[in-house]
Amino acid sequence: MISTAAKTTTALRARPFLGAASVVALFVALWMALVWSPPDAAMGNVVRILYVHVANAWLAYLAFVVVFLASVAYLWTKRLVFDAIAVASAEIGVLFTGLTLVLGSIWARPTWGVWWSWEPRLITTAVMFAMYVGYLLVRNLSDDLERRATRAAVLGIVLVVDVPIVHLSVTWMNALHQLPSVLRPDLSPTLDPSMLASLIAMTIAFTFLYAYLMTARVDIERRRQARVLEARA
Amino acid sequence: MNIDNLGFIAAAYVICFGALGLYLMSLARRRRDGE
């Protein structure tokens, strides 16, 4: 088990590539978002905030789906590597969700005239943030690796229910938040092509960054697991 | 050149990449300290 934890994985070998790809992709995406793409006809230049706001929101969805998949894989196999993947993805997902809320608030002030509105998308996103902060806190209730991983896996499976609720909340209820512009049921984005390209570029850059952060965070968790197992032995 | 809402745009990007930078630094520290 310890040798498994210590061995170099393919993901770790990919880390320098992922780091370099993140930096290059972020420079390209920032140039597209801040220089190349035009101002919006209604919002003006404040639309540029949406490129990072939406990319953070989509990566938060991805991170929590990865928590769900890793949780199912842990309960299925009882291999601690899946618990490491789940906690790493939850932590990064909480960061992305927090940034989604803050960046959305900064965009809302000049657009809606308020920093915050108690409307469905904002409330469900805030609830998702609180639930995954809770997930990270619940993990600390036990020092036993297997017990903690099992409890966390059950929670990681249940909490993913909020992801589609967040995304579909704007279509279920009257909302101040705009309807989806890209991830629509009819798969036909309503964005200007240059804005869509900028958003896709930022999302690709954040996906590389997520993968890089995952390799670093999973490595830290695997080392911690190896130390606990070593001390137990 | 006059860019509307420049303060909000700058704040958003500084906060976003500042937070990501701080998280990267925390990962490096945790790895170094063997947490």
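I need to check one value: relative contact order of chain A, counting alpha carbon pairs closer than 8 Å and at least 6 residues apart, in percent.
Rounded, it is 36 percent for chain A.
Each residue of region A:126-142 in turn: what ³J(HN,Hα) in whole Hz from Karplus with 6.51, -1.76, 1.60 and θ = phi - 60°, glycine and Pro shown as x?
5, 5, 4, 4, 5, 5, 7, 5, x, 4, 5, 6, 4, 4, 7, 6, 9
What's the whole-number percent of alpha carbon pairs in chain A lying beyond 24 angstrom?
Here the tail beyond 24 Å accounts for 50 percent of pairs.
Dipole magnitude of chain A about its Cα centre, charges +1 at Lys/Arg Cβ and -1 at Asp/Glu Cβ only, in debye to the nearest 20?
760 debye
Before anything else, pin down the relative contact order of region A:72-154: Cα pairs under 8 Å, at least 6 apart, normalised by residue count, whole percent.
Relative contact order for region A:72-154 comes out at 37 percent.
To test your reading of the geometry: what angle, between 0 and 90 degrees and rounded to tens, separates the Cα axis of helix A:48-77 from the longest principal axis of chain A?
So the inclination is approximately 30 degrees.
Just from its helices, what would the mean residue ellipticity at 222 nm be for chain A, if runs of 4 or more DSSP H residues each count -39500 (n - 2.57) and the sum is divided by every residue, rounded to the nearest 500 deg cm²/dmol?
One gets -25500 deg cm²/dmol as the mean residue ellipticity at 222 nm.
Which of the three applies to region A:1-121, rounded, prolate or oblate, going by the alpha-carbon gyration tensor with a ≥ b ≥ c and a/c under 1.5 meaning rounded?
Verdict is oblate for region A:1-121.
Could you order the peptides A:101-107, A:141-147, A:115-121 from most to least packed, using the average number of other C-beta atoms within 10 Å per residue?
Order by mean packing, descending: A:101-107, A:115-121, A:141-147.
Given the Cα-Cα distance of A:R232 and A:L75 and 0.36 nm per residue of separation, how much length would full extension add, in nm?
Taking 0.36 nm per residue and subtracting the Cα distance, the gain is 54.3 nm.
Tell me, in nm to one decimal, what length is gained between A:I165 and A:S142 on full extension, where the rule is 0.36 nm per residue of separation less the Cα-Cα distance?
Using 0.36 nm per residue and subtracting the Cα-Cα distance, I get 5.3 nm.
For labels at B:L24 and A:W118 in the simple 7 Å Cα→Cβ model, what's the distance in nm?
Each label point lies 7 Å from its Cα, and together they span 4.0 nm.
Coordinate-derived values only; no laboratory data. Computed from a predicted model, the values in this text were never measured in an experiment. Cβ coordinates were reconstructed from backbone atoms using ideal geometry, including for glycine residues, and neighbour counts include every protein chain displayed.
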